[in-house]
Amino acid sequence: MWSQLVTIWRVFRHLFAARDTVRYPEQKPYLSPRYRGRIVLTRDPDGDERCVACNLCAVACPVDCISLQKTEDDDGRWRPAFFRINFSRCIMCGLCEEACPTYAIQLTPDVEMSEYDRNSLVYEKEHLTIDGQGKYPGYSFYRKAGISIKGKAKGEADQEEKPVDVRNLLP
Amino acid sequence: MWDMELLLKITLLVSTLLPTAALLVWLERRLLGFWQERCGPNRVGPFGILQSLADLIKILFKHDWIPPFADKPLFVLAPLIGALAVMMSFVVVPLSPGWMISDSHIGLLFFLAMTSLAVYGVLLAGWSSNNKYALLGGMRAAAQTICYEVFMGVSLLGVVILAGSFRLSDIVQAQQGLWFVIPQFVGFVIFIIAGIAESHRLPFDLPEAETELTGGFHTEYSGIKFALFFLGEYLGIMLISMMATTLFLGGWLGPWLPPLVWFLLKTLLLICFFILLRASLPRPRYDQLLAFGWKWLLPLALVNLLVTAAIKLTGGT
Amino acid sequence: MIKIFIDGQDYKVIEGQNLLQACLSLKLNLPYFCWHPSMGSVGACRQCAVTRYEDEDDRQGKIIIACMTPVEEGMRVSVKQSQESEFREQIIAAMMTHHPHDCPVCAEGGECHLQDMTVMTGHYARQFKGRKTSFNNQYLGPLLKHEMNRCITCYRCVRFYRDYAGGEDLSAQASKNHVYFGRQTDGVLQSEFAGNLAEVCPTGVFTDKPFGNHYSRKWDMQAAPSVCQHCSVGCNTSLSERYGSVRRVTNRFNAHLNGYFLCDRGRYGFDFVNSPQRCQQIRSSNKPAQWQDDSLQRVLSAPGRWIGIGSSQASLEDNFALQQLVGKDNFCPDLDDKQQSLMQLHGEILQQYPMASLAEIERADAVLILGEDINCSAPRMALAIRQALLNKARDKVETLNVPGWQDAAVRNVLPDNPVPLIWFGYGESELQSSAQLQLLCDDHQAARQGFALAGLLCGHNVGVEVSEAQQQTRQAAGILQKASRPLLIGGWSAGNPALLAALANLRKALGEKASMAIAAPEHNSLGLSVLMQKGHLSAASLEQSIDREPVNLLVLDYKSQSWRTRMASLMEKAKQTVRLGLLGNESAEEALLPVAAFSECSGSAVNYQGRVQYWQPASKASGDCLPGWQWLVHLAKIQQKSLAEVEDLGQLRQRLMADYPQLEGAWENDPRQQAIAQQPPRYSGRTAMLANQTVHEPKPYAEPQAPYRQSMEGGEPRHSETHAQPYSWWPGWNSNQSMHKFQQEYRGPELEQQHSTVAFAHFQSPGWFKWRNQWSGSKHRGYRLLFLGQVFGSDGLSLEAPAIAELCERAQLWMRQDQADGLGLKPGQWVQCDGLPLWLQVGISKQVPQNCLLAYVPADEALPFKVCEHFDVADLPQAEALEKQYRSHLDDLKTNMQMRQARLLHQDEFIPIRFVEGVN
C-alpha cells in the first residue's frame, strides 16, 4: 500500500519536470548519421551499383517489404532487374542493412516520408539509388569475390593467385 | 403542469454535462502528458482544448458498424442504457443550495440504484456482441460491480448515520461543522476505491483491459455507439467525484466563494486525483481485484459501519 | 537391427549400413561431402569424422571416418565430443582457405551443402592469410554453368558423371591444390544426365544455367510436388515458382522411381510453360475473343455430332472430362492405327503382368533390351538399367566381406563381374555400347527372335519356330535361364506391336523370377489406355465418320508436327473445330480455348507401370487460361450435358472412380489432412511484390479440397507417407541433401511396397501371344526407314524450352559405310527422301540393319514415309543455304531467348494478377 502511495506521489511530481518531447515539426530533433530512417542503395567506388541482388535483405526483412529480381548483365555483374521497397510496410528495423554483404543497402537519418497515398510509399530502384557510397566508402564487393566480371578477370581479385594451369603437373 | 424552471434546469444541466465530459477527455490527456513528460494534445485550438471536438466530429463520421453476428436490438440498446443510467444519477446531485433538480429524501438510494443499473449497459454490450472478448469483459464487469457495490453502499451508511438522512442536501448541511471525510475517513477511502471500480476506470478497468481482452465489452463497438460508452465513462468519473464531494467534502460549503464554485473546485480536484491514479497505478489481476474487494474492503466497511453506529448509539457526536 | 551407442545413448540401426548413413537416418547432424546414398562411400572428404571407443572404459578413443565404417553390434562412438568436432572444423577450415567470397553472387547460395556443413561445424572465420587459388571456367553447354573456384574437391561430380551415369567427357585433372573438374576443352557436356551435377555438387561449381539466368533463391520459391511430363516413367519432380513464373525443376525423391536423379529432358524441359507460344487468350476464328461473344457461343453450342480427340500429353482428368462430354463412342485417342494396336496390346499386357519399378530394374542380374531405344524413350530408365550392371560386382565384394556401399571396391572388381546385357536391335547408344551380347536386327527380326527366344526358354514353339533362333538368341537363352532376376525391356519406339507380344511371351516363359518394363511414348499414354477400356472411337472409324457426316471436333492439344499434320487434314473435313490449346496461337480452328499447363493446375497421369501419379500446381494460371476439364465443364453447361454438374476436381475424380473402380484410392482426399505450405518459412517480399500495382495483398490461393496452400500457411515440409512434400528442407539442412536424412536405407535388400494405385487390374490369366500375320514385314523396294529418337529433340513439349531447343540436333540419316558407298553418299551430306522437303544429314554407323536406314527427325518436323527409294543429294549452294538457315535458326533461338528473358523480367516486375477468377 505504501509503495502505491509513493508511486502516486512520484508521478505527481512529474508535473513540474521539464518535457522530453519537442514541438516537431517546428523544432527538429538531432538524428545521428546511423539513425534508422529511409533506406537507400549506394554505389561502389567505381560508380556502379553495389547491390548484387543476393536477396539477403529481402529474407532478413521481418515484414517482407523488399522484393527484387536478379539479372546478370553482359559485364558479368549481378544486378537487381527491379528493386522495390514498400515503405508503407517498412518498420525501419535495419535488419536489411545488417544482412547486406556488399554495404549496398543503408539506412539514412531521413524519417520524413509521410504520404497521403500508400502507393506513393512504394519505392523502386531509381528512387532508392543514390550516387555516393554512403557510410562505407572504399568498399567494392567484386574486388573480394571470386567471380570474374568485365575489367576483372580470374586471379585479379584481392588476395588471389593467377589462374592455375591444369596441364602443369609440376609440384 | 410543467415546471418550467425544472425543465430549464434539466436542459441546462444536460447541455453542460456533455461538453464538460468532452473537456474532461482533453484534461485527462493533457495531465497524462504532463505526468509522462510530454505535451499531450496541444494543436487544436488554444492549448489543444478543441481536441475533443475534433475527435467527436471524427467519431461521428465513422462507419456505424453492427457486426452481422451480434444481437442487434441489445447491441444498440446497451450503450444507451450505460450513458442514460449515469446521467439519471445527476438528478439528485446538489450542486449548490439552489441548484438541485430533485432534492429527494432518498437521494442517496437513488444514486446507488442508478449506478447499479449502469452495469447493465456493459453486461448487455458484452453479451450482445457475440464475441469472446466482449463476453469476458461483460462478465468481469458484472462480477466487479456486484462485489464493489456491496461495500460502496455499506461505506455510505456511516455518512447516513452521522447525518441522519438519505437526503443529500441534509447530508451537506450536516457537514457545517466538520466535513465527514474526517470522522468517516475509512468510509471515504472505501467509497473512492469502490467508485473507481464502479466506473471501471484505471486501475480497475478490467472489463475493457485492452492488453488481454483487446477492447473488452466494447470490442465490437465503433462510431457513435462507442462514443456513448466513452461519454458514460467520463460522466461516471464526474458523478463519483461529485458524490464524494457531496458526501465527504462538505459539498458546496466553503467560505468566501459562491457555493457552486466551491462545489466545482472540490469536484475538479477529485477528478484530477482520479487521473493521477490512472497515470501511476498498474491494473491488478482479476482475482486480486475480487479478493481485495471481498476479503479486505467489505470487512473494513462493515467494521467502519459498526464503529460509527456504536459511537452514535453511545452518544458521541 | 543392431544396437550401437552414439554419445552414450543406445540406438537401433539397420545392419550392414555405414555409420554415417546410420547417424543421418537417426536424424543426427553429421557433416559430410563425398558420400551420397546412391553412389556409396569413398572416404574422400574426411568430413564425417567421429570418435570410436573400444569399450565403456575407453576415454581416449580414436578418430574414424563414419562413411567408411560399417556399423557393428555394441559399437561405441561419439559425434559431439570436442576432439572430433575440432577435427571436422579443421577440415572445413582447410577447404575454405581457397573458397571464394562468392556466396552473394552464387546461384547455390541458400541451398548450399557447403554453407550448411560450415555452419554445422561451427567454422566462421578464415585464418589463412595467403592468396586464394583461382581457376578458369569452361563453357559446358546451355544447361550447366561452371565456376571452378568454388570446388572443394569432393569428387562427387566425376563419380556421378563417369561412374554412375557413364559419361566420358568430364574428368578430374591436375593434382594437389590444382585439381580441376572439367572437360578436355570447352564444349557441351555429352551425358543427358549432366544436369544432376547441379544437385550432386555440394557447392556452386556446377549450377543450373537456365535457372541461373532467371534466378531466385530457394527460400523465395513457392514449390509444388509435380510429375515429369516428358516420358512415361513419370519421375517425381518439384516445381519452383517465383513472381508467377516457373523457375526450375528439381528432383523429388521417390524410392521406387527416380530416386535422386532426373534426366536433363525432365529437368530443363518444363520451360515450355513459360513459352511465348503459350495460348493465353480465348480466340475465335483466329481473333481474340471473349467468352460471352455470340460468335464463340454459337460455335460451342453447335448442333450435330461432337467428336472429342483426347491427348496422351493431357491429364487423366482432362481426357476423362472429354470422354464424359462427348460420350465414349465419340472419344478418340490421339493415335494412328499402328499406335492404337500398340496401345491395345500394351493394355492387355498390363492386365497380365506387373511392371518393374526403377528400383526393381536396378536389382536385375541380367537384362534383355528388345528393339527399344530406351536411352531416348525413357532416359531415366536407361540410367536405372546402368545401375543394374553393377550388381554382380556388388555381390562379389560382399562375398569378400566388403560392404556393397564401398564404391571403390565395387568399381575395382566390375570388369571381371559384369551383369550380362543383351541388346537386340539397332542404333548406337550408351547402353548398346556396354552390351555384352548384341544382335543387330530390325524390329521385325527382333520380334521374331524374341518369340524364338521365348520358345527356347519354355521348350516349345511360341508362334515362331525355335529353329529360327540365331546364334546370339541361343546364347541369350542360356544367360536368361541362369539369371535369378532377369529383366526384360521394351517399348513403343520401333512402333511394332510384335515386340511387346514377344516381351510378354518371354516374361511368361521365364516365370515369376523375371521382371519387365515397357516404355510408352508419352507421360499419359497409358491414361488414355485406361479410358479406352470402356470403348472408344478408333482412328479408322474417325476418318470414316468425318467423311460420312459433318461433325464438330473438340481437340485436346498435342505438340508434335506429325500429329498436327494429321489434325490439319481432319479439320479440313470437319464442320468446325474447337481446340483446348496449350501452345500455338496462330491456327485455323473456329475456337481456341487456352488451357492451363501442368504447373498451373492439378492433374494425374498413368506411368509406364500403370500407376496413377498426380501433381499439384506451383503457380496460378494467367490470362484466360483454365484447366482443360474446367473448360469442358463450361462447354457441358452450354450443351446441357451431365458433366455440367461437376463443380470441382474432387467431384470429377469421384466420377472417374465410379466409372473405373480400379482407380479407387488413387487420390488422397483426407479432409483432416493438415494444410501444407508451398512457400518456405522464409519466403520474402510478400508485401512488396505486388505493391507497384496494388498495395492491397490478395488472398492466398489454394485449389479447393487440396491441402496445398500457395502461401506460408500450413505445416513445414516433413516426410509424409501420404502427401508429397513440395520441397525438401530440414532445420540446418537447406540443400536438397536434407532428403538424405529421411531414409532408413536407399534401395537396400528389402524393397518396400509401392504406395500408388495401379490403374490396370490384373485379372487376365497370362497366355501366349501368337504371331499375327500383320506383324510380318511387307515386301518393299528401297530402304526401310527405322526411326530413332534423341533425348533432346524427339519430345515436342521440351523443344519449347530454349535450352533444350539449343541442344536439339537436325534431322539425320544413318547408314553403314557399304550402304553409303552403294548410294554414293558421304557423311555430312544433306539428302532428301523421295522428294520430301525435309533435309536429312547423312551419318555413318555400324549399327544399321540390312535393307534399313536409321532416321532421326526432330519432333517439330515430320517425315511420314517408312520406306524410301531414292535420295536427292543437296548440291553445294543448297548445302550452304541449309547451313545458313541453321545458323540463322540458332541466332533466332538466341534472340528469342533474350526476348523471353526480357519478357519474364518484365513479368517479374509487373506480376500478372488475375483479380477476377475464371469464366463462369
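The values are calculated or read from the model by the stated rules, or taken from the named source; none is laboratory data. The structure displayed is predicted, hence computed values, not measured ones. Quick reminder, even Gly has a Cβ in these numbers, built from the backbone with ideal geometry, and neighbours come from all protein chains shown.
Counting only strands (runs of 3 or more DSSP E) that sit completely within segment C:510-586, those holding 1 or more residues that are without any contact (Cβ under 8 Å) to a residue 60 or more places away in the chain correspond to C:576-581. Is there a residue being among the hydroxyl-bearing types (Ser, Thr, Tyr) and either in the same structural domain as C:SER38 (by TED's automatic domain parsing) or part of a strand (DSSP E or B) (or both) anywhere in segment C:253-270? Looking through segment C:253-270, none of the residues is among the hydroxyl-bearing types (Ser, Thr, Tyr) and either in the same structural domain as C:SER38 (by TED's automatic domain parsing) or part of a strand (DSSP E or B) (or both). Annotation: B:LEU31 fulfils all but one of (1) over 19 Å from B:LEU268 (Cα atoms); (2) modelled with pLDDT of 85 or more; the unmet one is (1).
Using the structure shown, decide if A:PRO109 is of a type outside the set (D, E, K, R) and closer than 20 Å to C:HIS101 by Cα. Answer is no for this residue. Filter segment A:137-149 down to residues that are within 19 Å of A:GLU97 (Cβ to Cβ) and touching a residue at least 60 places away in the same chain (Cβ under 8 Å) and give me whichever is farthest from the other protein chains (Cβ to nearest Cβ). The extreme case among them is A:PRO137. Candidates are the residues of segment C:90-115 that are more than 10 Å from chain A (Cβ to nearest Cβ) and surrounded by fewer than 21 Cβ atoms within 10 Å (Cβ to Cβ); the one that is nearest to A:ALA157 (Cα to Cα) is C:THR97.
Of all residues being in contact with a Pro (Cβ under 7 Å, 6 or more places away or on another chain) and not in a helix (DSSP H, G or I) in segment C:313-364, which is surrounded by the most Cβ atoms within 10 Å (Cβ to Cβ)? Just the residue, please. Among those residues, the one meeting the criterion is C:ALA364. Inspect all residues belonging to segment C:159-167 and state whether any of them is within 14 Å of chain A (Cβ to nearest Cβ) and either surrounded by 23 or more Cβ atoms within 10 Å (Cβ to Cβ) or within 25 Å of A:ALA157 (Cβ to Cβ) (or both). For segment C:159-167, residues within 14 Å of chain A (Cβ to nearest Cβ) and either surrounded by 23 or more Cβ atoms within 10 Å (Cβ to Cβ) or within 25 Å of A:ALA157 (Cβ to Cβ) (or both): absent. Exactly one of (1) modelled with pLDDT of 90 or more; (2) in contact with a His (Cβ under 7 Å, 6 or more places away or on another chain); (3) in a loop (DSSP other than H, G, I, E, B) is unmet by C:ALA605. Its number? For C:ALA605, the failing item is (3). Checked against the criterion of being surrounded by fewer than 17 Cβ atoms within 10 Å (Cβ to Cβ), in contact with a Phe, Trp or Tyr (Cβ under 8 Å, 6 or more places away or on another chain) and not β-branched (Val, Ile, Thr), the candidates B:LEU60, B:LEU109 yield just one match: B:LEU109.
Considering (1) free of Cβ contacts under 8 Å to residues at least 40 places away in the same chain; (2) within 25 Å of B:SER96 (Cβ to Cβ); (3) of a type in the set (A, V, I, L, M); (4) out of contact with any Ser or Thr (no Cβ under 9 Å at 6 or more places or on another chain), the lone condition that B:ALA291 does not fulfil carries the number (2).
Against the test of being within 17 Å of the chain's Cα centre (by Cα), modelled with pLDDT under 85 and under 27 Å from B:LEU298 (Cβ atoms), the options B:ILE146, B:ILE171, B:ILE106, B:ILE161 yield a single qualifying residue, B:ILE146.
Of all residues assigned to segment C:640-647, at least one qualifies as being in contact (Cβ under 8 Å) with a residue 12 or more places away in the chain, over 30 Å from C:GLU909 (Cα atoms), crowded, with 18+ Cβ neighbours inside 10 Å and out of contact with any strand residue (DSSP E or B) (no Cβ under 7 Å at 6 or more places or on another chain). Of the residues making up segment C:653-667, one or more are in a loop (DSSP other than H, G, I, E, B), hydrophobic (A, V, I, L, M, F, W, C) and more than 14 Å from chain A (Cβ to nearest Cβ).
Go through the residues of segment C:419-428 one by one and say whether even a single one is without any contact (Cβ under 8 Å) to a residue 40 or more places away in the chain and either small (Gly, Ala, Ser) or outside any helix (DSSP H, G or I) (or both). No; the residues of segment C:419-428 include none that is without any contact (Cβ under 8 Å) to a residue 40 or more places away in the chain and either small (Gly, Ala, Ser) or outside any helix (DSSP H, G or I) (or both). Among the residues in segment C:834-846, are any of a type in the set (Val, Ile, Thr), within 31 Å of the chain's Cα centre (by Cα), farther than 30 Å from C:LEU593 by Cα and outside the structural domain of C:ILE282 (by TED's automatic domain parsing)? Yes, some residue in segment C:834-846 is of a type in the set (Val, Ile, Thr), within 31 Å of the chain's Cα centre (by Cα), farther than 30 Å from C:LEU593 by Cα and outside the structural domain of C:ILE282 (by TED's automatic domain parsing). For segment C:678-700, a tally of residues being of a type in the set (Val, Ile, Thr) and facing chain A (nearest Cβ under 7 Å) returns 2.
Contact map, segment B:164-183: first residue within 15 Å of B:GLY254 (Cβ to Cβ) and of a type in the set (Val, Ile, Thr), second residue modelled with pLDDT under 80 and part of a loop (DSSP other than H, G, I, E, B), Cβ cut-off under 6 Å, separation 6 or more or different chains; pairs are B:VAL172/B:GLY251.
Would you be able to tell me the number of residues in segment C:594-613 that are under 19 Å from C:LEU358 (Cβ atoms) and not small (Gly, Ala, Ser)? So the answer is 7. In segment B:195-202, the count of residues that are surrounded by fewer than 20 Cβ atoms within 10 Å (Cβ to Cβ) and in a helix (DSSP H, G or I) is zero. Applying the criterion of at least 1 residues that are within 26 Å of A:SER148 (Cα to Cα) to the strands (runs of 3 or more DSSP E) found wholly in segment C:35-151 leaves C:132-134, C:144-146. Can you name the number of the only condition in (1) part of a loop (DSSP other than H, G, I, E, B); (2) touching a residue at least 24 places away in the same chain (Cβ under 8 Å); (3) farther than 22 Å from C:PHE792 by Cα that C:ASP872 fails? Failed condition: (1). Look through segment C:429-444, keep the residues that are more than 28 Å from the chain's Cα centre (by Cα) and not in a strand (DSSP E or B), and return whichever of them is modelled with the highest pLDDT. Looking at residues that are more than 28 Å from the chain's Cα centre (by Cα) and not in a strand (DSSP E or B), I get C:CYS441.
Matching residues to (1) assigned to a helix (DSSP H, G or I); (2) buried (at least 21 other Cβ atoms within 10 Å of the Cβ); (3) among the polar types (S, T, N, Q):
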{"site": "C:ALA446", "(1), (2), (3)": "yes, yes, no"}
{"site": "C:ARG474", "(1), (2), (3)": "yes, no, no"}
{"site": "C:SER484", "(1), (2), (3)": "no, no, yes"}
{"site": "C:LEU488", "(1), (2), (3)": "no, yes, no"}
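Give segment C:392-418 a look and list any residue that's in contact (Cβ under 8 Å) with a residue 40 or more places away in the chain and either of a type outside the set (Val, Ile, Thr) or in a strand (DSSP E or B) (or both), or say none. The answer is C:PRO403, C:GLY404, C:TRP405, C:GLN406, C:ASP407, C:ALA408, C:ARG411. Of everything in segment A:150-170 that is assigned to a strand (DSSP E or B) and not acidic (Asp, Glu), the residue that is nearest to the other protein chains (Cβ to nearest Cβ) is A:PRO163. Do we have any residue at all in segment C:205-216 that's away from chain A (no Cβ under 14 Å) and either aliphatic (A, V, I, L, M) or crowded, with 24+ Cβ neighbours inside 10 Å (or both)? Yes, that holds for at least one residue. For segment C:868-889, a residue qualifies if it is among the aliphatic types (A, V, I, L, M) and loosely packed, with under 15 Cβ neighbours inside 10 Å, and the qualifying residues are C:LEU876, C:ALA881.
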